[in-house]
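The values are calculated or read from the model by the stated rules, or taken from the named source; none is laboratory data. Being a predicted model, the structure only gives us computed values, none of them experimental. Cβ: placed from backbone, ideal geometry, glycine included. Neighbour counts: every protein chain shown. Side chains are part of the model used for accessible areas, which takes the heavy atoms of the whole protein and leaves out ligands, DNA and RNA. Shrake-Rupley method; radii C 1.70, N 1.55, O 1.52, S 1.80 Å.
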Amino acid sequence: MTISTGETLITAADIDDLITRVRQTAGDPGPLETAKALLFSGDTTRTGPDPEAARLIRQRLLVTALRHGGALLAKLLSRLSPRETAMVRRYAHRLANFLDTLEVWAAQPIMLALMRFGLPYGEAETIAVAVLLLVG
C-alpha cells in the first residue's frame, strides 16, 4: 500500500465525477452538490466545515464512490495491490452497505466485515487502513 502525505485526498473534481455518475443512474445528486459546497466553499472568511463534519462528508462520499465507481474509487484502489483492488471491486456494494451502518469508522470493524466477506486478514487490514486514510 502506498501512503502519501500532503495531498488533497478528495477533490472537487472527484465530487463532480460522482455527481455525473449518480445522475446517470437517475439518482439524486443534491447531497453530493451540498457536500461539494461545504468542503470547497469559496468563502475566505471561514475555514470550511469543522474537521468532524468534513470527515463525515468524506465518509459519505466514499460510500457513494463504492456504489457508483469513478475517480474517488480509483484513488482508493490506487493504494492497493491488484489482488486487493479486485476484492474491493468484488465486494464494493457490500462494503458500502456495511459502512452505512457504522457510527464510528475504525479499522477493526471494517477489517472484521471484510473477513466475513471472505478476505484474508492481511488484505482486509490493508483495505481498512486505505479506507480510513482516504476519509481521514
Taking the stated definitions as given, is Thr64 in contact (Cβ under 8 Å) with a residue 12 or more places away in the chain, surrounded by 20 or more Cβ atoms within 10 Å (Cβ to Cβ) and polar (S, T, N, Q)? yes
Gly136 passes all but one of the listed conditions (1) in contact (Cβ under 8 Å) with a residue 60 or more places away in the chain; (2) in contact with a helix residue (DSSP H, G or I) (Cβ under 8 Å, 6 or more places away or on another chain); (3) surrounded by 13 or more Cβ atoms within 10 Å (Cβ to Cβ); the exception is number (3)
Count - residues of the range 105-136 that are under 16 Å from Arg55 (Cβ atoms), aromatic (Phe, Trp, Tyr) and part of a helix (DSSP H, G or I): 0
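Condition first: on the phi > 0 side of the Ramachandran plot and either surrounded by fewer than 19 Cβ atoms within 10 Å (Cβ to Cβ) or touching a residue at least 40 places away in the same chain (Cβ under 8 Å) (or both). Can you find one or more residues in the range 27-47 that meet it?
Step one: of the range 27-47, the residues on the phi > 0 side of the Ramachandran plot are none.
Among the residues of the range 27-47, not one is on the phi > 0 side of the Ramachandran plot and either surrounded by fewer than 19 Cβ atoms within 10 Å (Cβ to Cβ) or touching a residue at least 40 places away in the same chain (Cβ under 8 Å) (or both), which makes the answer no.
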Scan the range 1-16 and report the pairs whose first residue is closer than 29 Å to Asp28 by Cα and whose second residue is of a type in the set (Val, Ile, Thr) and modelled with pLDDT under 50, with Cβ atoms within less than 9 Å and a gap of 6+ or a chain change. none
Looking at the range 69-104 only, could you name the residues that are over 13 Å from Ala124 (Cα atoms), open to solvent by less than 30 Å² (accessible area, probe 1.4 Å) and assigned to a loop (DSSP other than H, G, I, E, B)? Gly69, Gly70, Arg79
Provide a single number: the residues in the range 105-133 that are among the polar types (S, T, N, Q), more than 15 Å from the chain's Cα centre (by Cα) and crowded, with 18+ Cβ neighbours inside 10 Å. 0
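Of a type outside the set (Lys, Arg) and closer than 22 Å to Thr20 by Cα: does that describe Leu114?
Numbers: of a type outside the set (Lys, Arg): yes; closer than 22 Å to Thr20 by Cα: no.
Taking the combined requirement at face value, the residue does not satisfy it.
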Go through the range 102-113 and count every residue that is in contact with a helix residue (DSSP H, G or I) (Cβ under 9 Å, 6 or more places away or on another chain) and without any contact (Cβ under 8 Å) to a residue 24 or more places away in the chain. 7
